[in-house]
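First comes the structure, then the notes that go with it.
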2 protein chains.
Amino acid sequence: MSPTPHPLQMLSVEETEKARDIVLARHPDHVIEFRQVDLKEPCKKDLVPFLQIEHDGQLYQMTSRPPRMAECHYDIIAADRAIQYHESLVDLEQGKMVENIVVGKEFCPSLTLGEFDTLIEVCEASAVFKSAIKELNLPSHMEAIIEPWPYGSLEVGDEPGRYFQDLVYVRDTRNGNNPDSNFYSFPIPMIPVVDYYKRELVRIEKLATGGKGDPLTASARDSMNHPLAHCTTAEYVPELIEGGVRKDLKELSVVQPDGPSFKVSDGSLVEWQKWRFRVSFTAREGVVIHDVQYDNWDVFYRLSISEMTVPYADPRAPFHRKQAFDFGEGGAGMCANNLSLGCDCLGAIKYFDAVTVGKDGAVKVQPNVICLHEQDNGIGWKHTNWRTGRAVVTRNRELVVQFILTLANYEYIFAYKLNLSGELDIEVRATGIVSCVNIDAGKASEYGNVVNPGVLAQNHQHIFAVRIDPAIDGHANTVIQEESVAEPMNSKTNPMGNFYRVVQTPITRSQWADAAPLRNRIFKIVNPSKLNPISMKPVGYKLVPPPTQLLLADQRSLQAKRALYAQHHVWVTKYKDGELWAAGAYPFQSQGEVGGVQDMVDRGDDVENEDVVVWSVFGLTHNPRVEDWPVMPVEIHQIQLKPTDFFVTNPSIDVPSNKNFASQLVENGKCSGKDLTNLNGSNGVITAINGSTNGVVH
Amino acid sequence: MSPTPHPLQMLSVEETEKARDIVLARHPDHVIEFRQVDLKEPCKKDLVPFLQIEHDGQLYQMTSRPPRMAECHYDIIAADRAIQYHESLVDLEQGKMVENIVVGKEFCPSLTLGEFDTLIEVCEASAVFKSAIKELNLPSHMEAIIEPWPYGSLEVGDEPGRYFQDLVYVRDTRNGNNPDSNFYSFPIPMIPVVDYYKRELVRIEKLATGGKGDPLTASARDSMNHPLAHCTTAEYVPELIEGGVRKDLKELSVVQPDGPSFKVSDGSLVEWQKWRFRVSFTAREGVVIHDVQYDNWDVFYRLSISEMTVPYADPRAPFHRKQAFDFGEGGAGMCANNLSLGCDCLGAIKYFDAVTVGKDGAVKVQPNVICLHEQDNGIGWKHTNWRTGRAVVTRNRELVVQFILTLANYEYIFAYKLNLSGELDIEVRATGIVSCVNIDAGKASEYGNVVNPGVLAQNHQHIFAVRIDPAIDGHANTVIQEESVAEPMNSKTNPMGNFYRVVQTPITRSQWADAAPLRNRIFKIVNPSKLNPISMKPVGYKLVPPPTQLLLADQRSLQAKRALYAQHHVWVTKYKDGELWAAGAYPFQSQGEVGGVQDMVDRGDDVENEDVVVWSVFGLTHNPRVEDWPVMPVEIHQIQLKPTDFFVTNPSIDVPSNKNFASQLVENGKCSGKDLTNLNGSNGVITAINGSTNGVVH
């Protein structure tokens, strides 16, 4: 084991194995199945002094440091498969378990991908399932595919258990038996429900396949036709696409002949263009960004994606139970893609691996789950002096920390993007295959859109919660709600009627707030004790909350009760160690949000000039288009964190405005081979050659 | 003259000269000053049949074509400098003027950059101005700089005339007398008002320089200190930046070894990845996009930026008169930058020139006012089959048509961006130097922010109007307002409370509408006669209106009366030839919007299944940050036009998912020289090599 890992450095393979062994030693007579072994981040009160010493440039190896701890989640399996779910803390230096919590039965741990294999086996082996498939009279080239989903909430009548609902599709094997033929275009109208603990199929729910005006319940099927008779293929793998892939998209490459501008050291420390931060990766959140500084000024303590819920709006039972919590139930880190070079990014790419533990305790490296690269994002700033014709223009370079999830049919691409102007954006791209069910031939539905014959893509929402733990030039911060408000014309303050007022309201008690873009409502996170020497206003960063639609489900519904967080755009809470989950720690099979942001707000903490946390909630209401099929083009959403009077000037004002000599002029449809050095007077193109001069029209 | 220019091809130098000569011949005994000579686009009823024949693949040279016309704007100058403003049409084939309109005195033509030189000369030569400057006792290294602005509206007491207000700054010549030293950090608190027609300085307005609690009017100055004594330099040209430019941002280049994927032919026809459209450039609008098709389907007839107003919110007279209309008053085409290679874009770049006419009738080529290039915008779509680990991922390539304006202190970068998924975005980046005035040392203001000592950047808004003339699979279209609406839980339609309803309301009469993002309000432009064969819904494109703050000025103010268009997000009107201007044709010095979208809507036209025009209004309320100084980082806004059930599948599903072999792995801080071909097993990086396989974690 490396002697001095940074307190925020993810656990190494050796540390993970040590923690596992300590867990196993603690429970010598039990069968243990591991869920996760991750670094337990130090308490803030221990970590902040450490970081302060590190920032001051003292060798952190020399200072006292927070204890190195592993957070271990695992199940103890009884002979009858009854499960006890444990959350334990292991002190790696002391070599012992220092805390062991047995989580109460009222809370369910998240799913693991290992469970999926079992669920599929149970379903496939079930005589009831086999018989149900047989009754459909499917042609022999159709092979059933089972796609386990979380069950949603337990409902009245459900025995206690650990339930999953299996969506069922078939793969058409006639395409050369290609294992990647898109089975989602052949949805079977049944959902087998499986109890994982009992390893048994509980029941099969028949699905309604009607359209407008049809009842909410499944009707008897026409036994003459199988339910996929009207379905057709819809492929996305290149070798199966009808007509093949297009041939006329020419190569566009990013080259960085001098290498990247970033530096990665000490395992997780990233330095780039005055930014400095640490990267880690957790089983639940995927990438976490820590200890963000710009030019040695503290900006953020910790940034993460906390939760996302995806409620479906089809009112026909059991579709109301389609509500995923992809972080709390699924685990973003567990579902992360291996990002292979040149395919997910362009340019000079640095990858980070993660360490994970299998159910059996096997520790392995998950390669390339995080990628880091620079990208160009167009013009950064420009000004032309119209008197002299002199233009100065800079590019807007970004540093991107990216990870990608696959959750059954669907993909999310998350990126933390930092730029030269001191701005930090958190972007999500939604892509993948929309969740779909069977619909009768020729029908339309008000519950979704027909995107392929027989395929109804159901209306749904995606609602994300980003957790922002700020450190705006220190940890005592205040969140100010600011609006630009029309002022009625009046002789005293607004004689000509053009004045509007900028109104600031500090948030003093923990509370929620909503976006109000027509009032230009923004939230400034400021340090009230530190004034900008130019404007004499508190230094700050602003959050412009994306004014996206909030959760639509009725307040009395289980969907709404489980996702209180999704009902407001901004939550301001007081920091508490370990309080990371917008929808609470245990959304799996939950019947309501417990320990989520609503509970945190209800404490009524003083949050003025305190250690605050800001939760930004946004998303999309997705009523699918035919164009979203079979794989949807990315739908991009992001939040922006921008300095407001944090700096004393545009932080990118010193970015060079060099010409790029790799760019080429197109003449007669081809790159001319002419770059700026031989452009003068060529072919009617008149442009200034002096590196600092640019023409202007006047 | 080329024998067969396309009817949408901009006028050539020869055509422009011919039109000019016809104008001169028409007024043989007069002094004429030209404003613009542009192509007069054919009436839609003449152009549409022509385009139809062209689309059908018939050689358009063989068909009858609309007459080739030039629209000529010019002034006839009388001996006493009285001016008659003419708008004439010249038929270039017949070689004669076919229409000659003398615009009434109640309307003022836009400014020309030629006027600025005169305005500066008049002011500088004025004894009153000289004496006012002298009274300030400025040190000798400070050289006054005059920046002409439109005057705003005539007010009670103003004689008839053509007024400009001159903002005055000084340039500090101590920086080696650098002509590009930033003078905006030294604002003189006076505004000389100049009448262009009379060539005289009318008066000098003294500006208030106070802060919170100070009166709205200017107070007597302390004669001991000059008003710039507390101001300091704030440079942006690289050679003047304190400490120089940063050195550690390494080269990032875009290379396209096989050239661009686009083709430009016939002067203005652009073809790229199933998109096909024509580009033109007008004095008022800058780039215009015409006849947009995707895969031979009509999508848009004409896209343009129609107007932008920038009202300032400082209530102290005369600042209420700071309200620019940068298209209607300034002319986007006239203020367009010469985009020099590699500086404004990366990669393989095609430039287009424009032809302009000087005041004296001299016709010249304005080089490189439009640029066309491709860019990468991250992942386009991705799906991983978690069973097989096979990932398919494509890049989201965009084609960008860009132009950039400089309007005195400020810059706007406009881009039409088309992508592989059939989407078209219209983006604006606001940058340049924020407009600023003098503020006393040590004071703060509720009218703006102090961004440099003595410099108050005033609060203001920018409100844009984009004109969308759709042709969704034909010209008879309907605009549908669509919302996603929560449905109360009820046993009949929503037993579990998860259902929401998608409610569509067709717009039947010309009207305005506002954004309502919390209702997920979108506007679908559909062809009600053409149904998507999959969903059986009308083919369409949707506009998601950016829910930005609308004009804040009081309804009774001149600012508000001049910009009725800026008070709603969406306007739906019936097409009328030549009706292009959201704020009316003549905003210069206007006292109200005449002939703008409000007047169009007031006609109450039937717009259902008709030739409709959609106007999208959006903008930003800009309360400046210190970080916006001295040149602000780009603030990016855009509208998106996305197909909704226009296609029968994701239009980018056939985009190849090739790996990019130019990308490089970063190891030990440097590009390793390793691309995908030699990655296998290197240095602990494990990634699939097979071009079609990508790992997945589960």
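The values are calculated or read from the model by the stated rules, or taken from the named source; none is laboratory data. The structure presented is a predicted model; accordingly, all values stated were derived computationally and were not measured. Glycine also receives a Cβ, built like all others from the backbone with ideal geometry; neighbour counts cover every protein chain displayed. These accessible areas exclude ligands, DNA and RNA; they are computed on the full protein's heavy atoms, side chains included. Shrake-Rupley method; radii C 1.70, N 1.55, O 1.52, S 1.80 Å.
Yes/no matrix, rows are residues, columns are (1) in the same structural domain as A:Asn438 (by TED's automatic domain parsing); (2) open to solvent by 20 Å² or more (accessible area, probe 1.4 Å); (3) among the β-branched types (Val, Ile, Thr):
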{"residue": "A:Pro67", "(1), (2), (3)": "no, yes, no"}
{"residue": "A:His73", "(1), (2), (3)": "no, yes, no"}
{"residue": "A:Asp80", "(1), (2), (3)": "no, yes, no"}
{"residue": "A:His86", "(1), (2), (3)": "no, no, no"}
{"residue": "A:Gln94", "(1), (2), (3)": "no, yes, no"}
{"residue": "A:Val98", "(1), (2), (3)": "no, yes, yes"}
{"residue": "A:Phe129", "(1), (2), (3)": "no, no, no"}
{"residue": "A:Glu155", "(1), (2), (3)": "no, yes, no"}
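Looking at region B:138-196, which of the residues that are aliphatic (A, V, I, L, M) and in a loop (DSSP other than H, G, I, E, B) is nearest to A:Arg387 (Cα to Cα)? Step through it out loud before you land on a result.
Going through region B:138-196, the residues aliphatic (A, V, I, L, M) turn out to be B:138, B:142, B:144-146, B:154, B:156, B:167-168, B:170, B:188, B:190-191, B:193-194.
Applying the additional criterion that residues be in a loop (DSSP other than H, G, I, E, B) yields B:138, B:154, B:156.
On the way: B:Leu138: 22, B:Leu154: 28, B:Val156: 34 Å.
Taking the candidates together, the pick is B:Leu138.
Filter region A:349-363 down to the residues that are more than 8 Å from chain B (Cβ to nearest Cβ) and in contact (Cβ under 8 Å) with a residue 60 or more places away in the chain and list them by number.
A:Phe352, A:Ala354, A:Val355, A:Val357, A:Gly358, A:Lys359, A:Asp360, A:Gly361, A:Val363 - these are the residues of region A:349-363 that are more than 8 Å from chain B (Cβ to nearest Cβ) and in contact (Cβ under 8 Å) with a residue 60 or more places away in the chain.
Where the second residue is small (Gly, Ala, Ser) and the first is on the phi > 0 side of the Ramachandran plot and lies in region A:374-399, which pairs have Cβ atoms under 7 Å and are six or more apart or on separate chains?
These pairs meet every condition: A:Gly389/A:Gly695.
Do you know which residues across region A:426-444 are in a loop (DSSP other than H, G, I, E, B), out of contact with any Asp or Glu (no Cβ under 8 Å at 6 or more places or on another chain) and open to solvent by less than 10 Å² (accessible area, probe 1.4 Å)?
Result: A:Ile433, A:Ser435, A:Ile439.
Is it the case, given these coordinates, that B:Val23 is aliphatic (A, V, I, L, M), under 22 Å from B:Tyr586 (Cβ atoms) and either assigned to a helix (DSSP H, G or I) or open to solvent by 70 Å² or more (accessible area, probe 1.4 Å) (or both)?
So B:Val23 fits the description; yes.
Can you tell me which of (1) surrounded by fewer than 18 Cβ atoms within 10 Å (Cβ to Cβ); (2) touching a residue at least 24 places away in the same chain (Cβ under 8 Å); (3) touching a Pro at 6+ places or on another chain (Cβ under 9 Å) is the one A:His226 doesn't meet?
(1)
Of the residues in region A:541-550, how many are more than 9 Å from chain B (Cβ to nearest Cβ) and either open to solvent by 20 Å² or more (accessible area, probe 1.4 Å) or closer than 26 Å to B:Thr232 by Cβ (or both)?
Qualifying residue count for the region: 2.
Residues that are within 30 Å of B:Leu424 (Cβ to Cβ) and not assigned by TED's automatic domain parsing to the domain that holds B:Pro227: does region B:448-461 have at least one?
Yes, there is a match, as at least one residue in region B:448-461 is within 30 Å of B:Leu424 (Cβ to Cβ) and not assigned by TED's automatic domain parsing to the domain that holds B:Pro227.
So is B:Ser535 within 11 Å of chain A (Cβ to nearest Cβ), over 27 Å from the mean Cα position of the chain (by Cα) and closer than 26 Å to B:Pro651 by Cβ or not? Walk me through how you get there before you give the answer.
Values: within 11 Å of chain A (Cβ to nearest Cβ): yes; over 27 Å from the mean Cα position of the chain (by Cα): yes; closer than 26 Å to B:Pro651 by Cβ: yes.
So B:Ser535 passes the test.
Report, by residue number, each residue of region B:328-342 that is open to solvent by 10 Å² or more (accessible area, probe 1.4 Å) and either over 16 Å from the mean Cα position of the chain (by Cα) or closer than 20 Å to A:Thr394 by Cβ (or both). Lay out the reasoning, then the answer.
Let us first name the residues in region B:328-342 that are open to solvent by 10 Å² or more (accessible area, probe 1.4 Å), namely B:334, B:338.
Scanning region B:328-342 gives a single hit, B:Asn338.
Could you list, in sequence order, the residues of region B:512-561 that are over 12 Å from B:Asp645 (Cβ atoms) and basic (Lys, Arg)?
B:Arg519, B:Arg521, B:Arg556, B:Lys561
For region B:44-58, give me the residue count where each residue is of a type in the set (Val, Ile, Thr) and farther than 21 Å from B:Val613 by Cβ. Please lay out each step first, then the result.
Within region B:44-58, the first condition is being of a type in the set (Val, Ile, Thr), and the residues that meet it are B:48, B:53.
Now narrow it down to the ones that are farther than 21 Å from B:Val613 by Cβ: B:53.
Count: 1.
Could you check region B:292-327 and list, in sequence order, the residues that are more than 9 Å from chain A (Cβ to nearest Cβ), among the hydrophobic types (A, V, I, L, M, F, W, C) and either buried (at least 23 other Cβ atoms within 10 Å of the Cβ) or within 19 Å of the chain's Cα centre (by Cα) (or both)?
Selection gives B:Val292, B:Val299, B:Phe300, B:Leu303, B:Ile305, B:Met308, B:Val310, B:Ala324, B:Phe325, B:Phe327.
Considering only region B:606-636, state which residues are of a type outside the set (A, V, I, L, M) and assigned to a helix (DSSP H, G or I).
Correct list: B:Glu627, B:Asp628.
Hey, among the residues in region B:624-665 that are among the small types (Gly, Ala, Ser) and either touching a His at 6+ places or on another chain (Cβ under 7 Å) or open to solvent by less than 10 Å² (accessible area, probe 1.4 Å) (or both), which one's farthest from B:Val450 (Cα to Cα)?
Taking region B:624-665 first, the residues among the small types (Gly, Ala, Ser) are B:652, B:657, B:662-663.
If we keep only those that are either touching a His at 6+ places or on another chain (Cβ under 7 Å) or open to solvent by less than 10 Å² (accessible area, probe 1.4 Å) (or both) too, we end up with B:652, B:663.
Details: B:Ser652: 48, B:Ser663: 45 Å.
Ranking the qualifying residues of region B:624-665, first place goes to B:Ser652.
When the residues of region B:343-378 are narrowed to those that are under 25 Å from B:Trp149 (Cβ atoms) and of a type in the set (S, T, N, Q), which ends up least open to solvent (accessible area, probe 1.4 Å)?
Residue satisfying both the conditions and the ranking: B:Gln366.
For A:Gly243, are the conditions met, namely being open to solvent by less than 20 Å² (accessible area, probe 1.4 Å) and either facing chain B (nearest Cβ under 8 Å) or touching a residue at least 40 places away in the same chain (Cβ under 8 Å) (or both)? Spell out how you get there, then give the answer.
Working: open to solvent by less than 20 Å² (accessible area, probe 1.4 Å): no; either facing chain B (nearest Cβ under 8 Å) or touching a residue at least 40 places away in the same chain (Cβ under 8 Å) (or both): yes.
Considered against the rule, which asks whether it is open to solvent by less than 20 Å² (accessible area, probe 1.4 Å) and either facing chain B (nearest Cβ under 8 Å) or touching a residue at least 40 places away in the same chain (Cβ under 8 Å) (or both), A:Gly243 comes out as no.
Looking only at region A:473-512, count how many residues are hydrophobic (A, V, I, L, M, F, W, C) and away from chain B (no Cβ under 14 Å). Let's see the steps before the verdict.
From region A:473-512, those hydrophobic (A, V, I, L, M, F, W, C) are A:476, A:479-480, A:485-486, A:489, A:496, A:499, A:502-503, A:507, A:512; that's our starting set.
Still in the running and away from chain B (no Cβ under 14 Å): A:476, A:479, A:507, A:512.
Result for region A:473-512: 4.
What do you reckon, is A:Arg174 at pLDDT below 95, closer than 22 Å to B:His383 by Cβ, of a type in the set (Lys, Arg) and not assigned by TED's automatic domain parsing to the domain that holds A:Tyr586?
On the way: at pLDDT below 95: yes; closer than 22 Å to B:His383 by Cβ: yes; of a type in the set (Lys, Arg): yes; not assigned by TED's automatic domain parsing to the domain that holds A:Tyr586: yes.
Spelling it out, A:Arg174 is indeed at pLDDT below 95, closer than 22 Å to B:His383 by Cβ, of a type in the set (Lys, Arg) and not assigned by TED's automatic domain parsing to the domain that holds A:Tyr586.
Answer with yes or no whether A:Tyr236 is assigned by TED's automatic domain parsing to the domain that holds A:Pro148 and modelled with pLDDT of 95 or more.
Judged against the criteria, A:Tyr236 is a match.
Condition first: loosely packed, with under 15 Cβ neighbours inside 10 Å and among the charged types (D, E, K, R). Now tell me which residues in region A:100-127 satisfy that.
Matches in region A:100-127: A:Lys105, A:Glu106, A:Asp117, A:Glu121.
Name, by its number, the condition in (1) at pLDDT 95 or above; (2) open to solvent by 10 Å² or more (accessible area, probe 1.4 Å) that does not hold for B:Gly422.
Going through (1) at pLDDT 95 or above; (2) open to solvent by 10 Å² or more (accessible area, probe 1.4 Å) one by one, B:Gly422 breaks only (2).
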